[in-house]
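Heads up, the thing below is written out as structure tokens.
The values are calculated or read from the model by the stated rules, or taken from the named source; none is laboratory data. Remember, predicted model here, so these are calculated numbers, not experimental data. Every residue, glycine among them, receives a Cβ derived from its backbone with ideal geometry; neighbour counts consider all protein chains shown.
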Amino acid sequence: MLTDQISRRDFLKTSGALVVTYALAPKAANAAIDPNDLGPKTVAADRVDGFVAIDGKGVVTVYSGKVDLGTGTDTALTQIAAEELGVPMQRVKLVTGDTLLTPDQGPTFGSLTIQNGGVQIRQACATAREALLDRAAQKLGVSRSDLAVQDGWIRGNGKRVAYAELVGDRRLELKLDAKAPLKDPSDYTIVGKPVPRLDIPEKVTGRFTYMQDLKVKGMVHARVVRPPAMRATLENWSDAQCKQIPGYLGAVRKGSFLAVVAHDEWAAIKAASAIEARWSKWEGLPDKAKLWDHVRASRVAKDEVLQNAGDSAAALGAAPKLLKATYDFAVHTHGSIGPSCAVAEFKDGKLTAWSASQATHLLRKQLARMLDMSELNIRCLYVEGSGCYGRNGHEDAAADAALIAREVGRPVRVQWSRADEHGWDPKGPPTLIDYRGALDANGNVSAWESEAFIPERPGQIAVTLVAADLANLPKEASHPGNIHQGLAIPYAVPNIRASAHWLAETPFRPSWIRTPGRMQNSFGNECFLDELAAAAGADPFEYRVRNLKDPRGLELMERLRKLAAWTPRTAPAGDAGEIAKGRGVSYIKYELVRTYVGVVADVEVNRRTGKVRVERFFVAHDCGQIINPDGLRNQIDGNIIQTVSRTLIEDLQWNRSAVTSVDWQSYPILRFPEVPEIVIDLVDRPKERPWGAGEPTAAVVPSAIANAVYDAVGVRLRSVPFTPERVRAALKA
């Protein structure tokens, strides 16, 4: 409700029409334009005009439900569309993540933007091109087979006609043809070329408008007052001290949701600190020192076998050599460099929300449920956030803003603080995996078993909105992402059983962080395989190759062997000096169905301090058809840099009530001097389907580092992160 300190009428007295007073980023600016201006635009994913429009000047507007999270996919999608339509990239505009204008292609996650979203756009463009060729043949009186497309013109027999003449200012009202012929890759002039990213010039010159920079006329600022404990409830409050702050407008309270509103951000920050609130006590978090005991003791909702071959139990029982190990992966926060932000406005019974959400269509559904509104009355628009990879706090900030805006009747901006971001964004859940493996008399893996303890997935892919939870409004259960993926192994082992114990509860609100499950499970898998190789007295690189039957995987590994100049090693290097050097290898076929990645990590371990430094990474990468090799290298670099940070440094801290690592001092991330050298070999397959690259390389980073540490000093690191304290303890043990 709106408190009596300020009335809705007072808010409305100074409100005005919604006008963006600072130019949005190019895609957001485009999102405000319907190039056809023919009334409501279809967003149907089976219609060409859901994805493509051509105006009277021949400018192509492409509509994508997938968004660019700072990974360069806008450039790649523009390349795909320009190539398939036969127009220069400069004539293609991209609108992304606008629920009024773009098809719902699912959230931007799982490395599916190019693999799924780009392929849909490519097919829509191919359908449009073929239809336009038919129209041109009729208009020019030329045989269809004599026509060719170049730079937005259709030419043949000395005649030509522009796309704009054939369709300009009219809709491409066509059913998307899944069988429309695609352009032959041998004729590509744009796809496969290293095109500079379209967003970089404005970003490096400071002209780019991030979500955090967005300004709307009449906008006020709000801050949510967070409970001191995660599940505490609001018992009493007073804003008497806030009234002394210039610019303070009032407070909004619903259940345990409490927010202050002010004319400017600094006044809102001061008011959030000045408000008096009494909260109930709550100490429901597990003791961090006993986290893995807590995980094992958690109630199992169900068990699921994820990979099964032969009779692993019998093979383990009969094996001449048996190994066991347990691997665990810490709770991580997203650690977004720019804290989450959103703007929302209610006007004429409709809600507009600007957010860096990676799932604007899903956010619209969640806001509709929370506010008991029709989805048709909600529009969510994507504006790139400064720090937005994974499902962090941006959707929650949008829910905060929407809830407050409904009460105050003016556009509301909610900017999270660093403490909000680290303390209240959803977390990558803890992962615990038990392994059992058997070797036969020849040192081959005869049996493999793994059991993962991971939080259950609700039916709907969504994450509980904090505002809905605090305000006791309708909400969804939190989904951790498909964290079972990657537990199945790509190697030819005769007896395998990989299973998951789906836990009914997990300590923190979970969500997907880059490479959910695939990173944690691959860490355990690839490290345990290294343990088996060592027990067999085998070179770990050769051991992987010996157990691989996939020709494409074998080709990749041979390229990696040459790239890294790998030399066989069957025992730890055992350097006697204070600084020990080692190499580790890791491999993945992502989800066993797509992108192949092999890596070799070179590390240094300081025996005295326990500090691990990653010197370099060698990466062989096969994601099928490459759209933009320059952008792909950017992605691989980002995978490695972010995951080296997660592997060596990042570890959420908490007490029994709340997260305590709420700043960069208590939750540090990798710094520039610690970034490793990265050497990449890209395998391009122009005639294959393009696969994703946003996550796969990250999956093999922790295991490669752990295996390199073993090579350097002969100790196994089975718990992420590899902090100096843990390394020293392992060396001492």
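Of note:
- Filtering the range 639-650 to residues that are more than 17 Å from G387 (Cα to Cα) and surrounded by 20 or more Cβ atoms within 10 Å (Cβ to Cβ) leaves V644, T647, L648.
- Unmet criterion (only one of (1) within 30 Å of I669 (Cα to Cα); (2) hydrophobic (A, V, I, L, M, F, W, C); (3) outside any loop (DSSP other than H, G, I, E, B)) for A353: (1)
- Residue in the range 114-131 that is more than 18 Å from Y63 (Cα to Cα) and assigned by TED's automatic domain parsing to the domain that holds A44 present: yes
- Screening the candidates K193, K183, K179 for the property of being part of a loop (DSSP other than H, G, I, E, B) and surrounded by fewer than 14 Cβ atoms within 10 Å (Cβ to Cβ) yields one hit, K179.
- Every residue from the range 498-547 that is under 22 Å from E695 (Cα atoms), touching a Phe, Trp or Tyr at 6+ places or on another chain (Cβ under 7 Å) and assigned to a loop (DSSP other than H, G, I, E, B): W512, R514
- Number of the condition not met by S238 [criteria: (1) more than 20 Å from P339 (Cβ to Cβ); (2) among the hydroxyl-bearing types (S, T, Y); (3) surrounded by fewer than 17 Cβ atoms within 10 Å (Cβ to Cβ); (4) within 33 Å of the chain's Cα centre (by Cα)]: (4)
- Which listed residue, of A272, A301, A267, A277, is closer than 30 Å to I404 by Cα, touching a strand residue (DSSP E or B) at 6+ places or on another chain (Cβ under 6 Å), of a type outside the set (D, E, K, R) and assigned to a strand (DSSP E or B): A277
- Inside the range 61-78, residues that are surrounded by fewer than 24 Cβ atoms within 10 Å (Cβ to Cβ) and within 20 Å of T127 (Cβ to Cβ) make up a count of 1.
- Selection of first residues in the range 609-632 that are over 16 Å from P185 (Cβ atoms) and outside the structural domain of R552 (by TED's automatic domain parsing) and of second residues that are of a type in the set (A, V, I, L, M) and not in a loop (DSSP other than H, G, I, E, B), restricted to Cβ pairs under 7 Å at least 6 apart or on distinct chains, gives an empty result.
- Any hit, the range 495-502, residues being more than 23 Å from Y587 (Cα to Cα) and in contact (Cβ under 8 Å) with a residue 40 or more places away in the chain: yes
- Test: residue in the range 59-69 that is out of contact with any Phe, Trp or Tyr (no Cβ under 8 Å at 6 or more places or on another chain), closer than 30 Å to R155 by Cβ and either polar (S, T, N, Q) or not in a strand (DSSP E or B) (or both): yes
- Taking first residues from the range 468-484 that are among the polar types (S, T, N, Q) and partners that are not in a loop (DSSP other than H, G, I, E, B), the Cβ contacts under 6 Å between residues at least 6 apart in sequence or on separate chains come to S478/P510.
- Residues located in the range 661-691, provided they are crowded, with 18+ Cβ neighbours inside 10 Å and farther than 21 Å from F618 by Cβ: S661, V662, Y667, P690
- Residue match in the range 434-452 (condition: touching a helix residue (DSSP H, G or I) at 6+ places or on another chain (Cβ under 6 Å), under 30 Å from A492 (Cα atoms) and among the hydroxyl-bearing types (S, T, Y)): yes
- Filtered residues of the range 84-106 (kept if under 15 Å from Q150 (Cα atoms), out of contact with any helix residue (DSSP H, G or I) (no Cβ under 7 Å at 6 or more places or on another chain) and surrounded by fewer than 24 Cβ atoms within 10 Å (Cβ to Cβ)): Q90, R91
- Any chance E591 is surrounded by fewer than 18 Cβ atoms within 10 Å (Cβ to Cβ) and modelled with pLDDT of 95 or more: no
- When G598, G610 are checked against the criterion of being crowded, with 22+ Cβ neighbours inside 10 Å and at pLDDT 95 or above, a single residue qualifies: G598.
- Residue within the range 77-85 that is closer than 20 Å to G192 by Cβ and modelled with pLDDT under 95 present: no
- Scope the range 441-487; condition in contact with a His (Cβ under 6 Å, 6 or more places away or on another chain) and either assigned by TED's automatic domain parsing to the domain that holds S357 or outside any loop (DSSP other than H, G, I, E, B) (or both); matching residues: F453
- Which numbered condition G106 fails, given (1) at pLDDT below 95; (2) at positive phi: (1)
- Qualifying residues in the range 356-378 (those that are in contact (Cβ under 8 Å) with a residue 40 or more places away in the chain, of a type in the set (A, V, I, L, M) and assigned to a loop (DSSP other than H, G, I, E, B)) - the one farthest from T102 (Cα to Cα): A356
For every residue, the table says whether it meets (1) modelled with pLDDT of 95 or more; (2) surrounded by fewer than 23 Cβ atoms within 10 Å (Cβ to Cβ); (3) under 30 Å from H334 (Cβ atoms); (4) of a type in the set (A, V, I, L, M, F, W, C).
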site: R509; (1), (2), (3), (4): yes, yes, yes, no
site: N525; (1), (2), (3), (4): yes, no, yes, no
site: F528; (1), (2), (3), (4): yes, no, yes, yes
site: A534; (1), (2), (3), (4): yes, yes, no, yes
site: E542; (1), (2), (3), (4): yes, yes, no, no
site: R546; (1), (2), (3), (4): yes, yes, no, no
site: R559; (1), (2), (3), (4): yes, yes, no, no
site: Y587; (1), (2), (3), (4): yes, no, yes, no
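- Output for the range 651-666, where each listed residue is assigned to a loop (DSSP other than H, G, I, E, B), in contact (Cβ under 8 Å) with a residue 24 or more places away in the chain and in contact with a strand residue (DSSP E or B) (Cβ under 9 Å, 6 or more places away or on another chain): D651, L652, Q653, S661
- Enumeration of residues in the range 403-440 that are within 30 Å of G310 (Cα to Cα) and in a helix (DSSP H, G or I): none
- Looking across the range 676-733, the residues that are under 25 Å from the mean Cα position of the chain (by Cα) and assigned to a helix (DSSP H, G or I) come down to P696, T697, A698, A699, V701, P702, S703, A704, I705, A706.
- Residue in the range 379-387 that is surrounded by fewer than 24 Cβ atoms within 10 Å (Cβ to Cβ), modelled with pLDDT of 95 or more and part of a strand (DSSP E or B) present: yes
- Failed condition for G574, given (1) out of contact with any helix residue (DSSP H, G or I) (no Cβ under 6 Å at 6 or more places or on another chain); (2) modelled with pLDDT of 95 or more; (3) of a type outside the set (K, R); (4) surrounded by fewer than 23 Cβ atoms within 10 Å (Cβ to Cβ): (2)
- All positions within the range 304-347 that are in a loop (DSSP other than H, G, I, E, B) and small (G, A, S): G310, A319, A330, G335, S336, G338, S340
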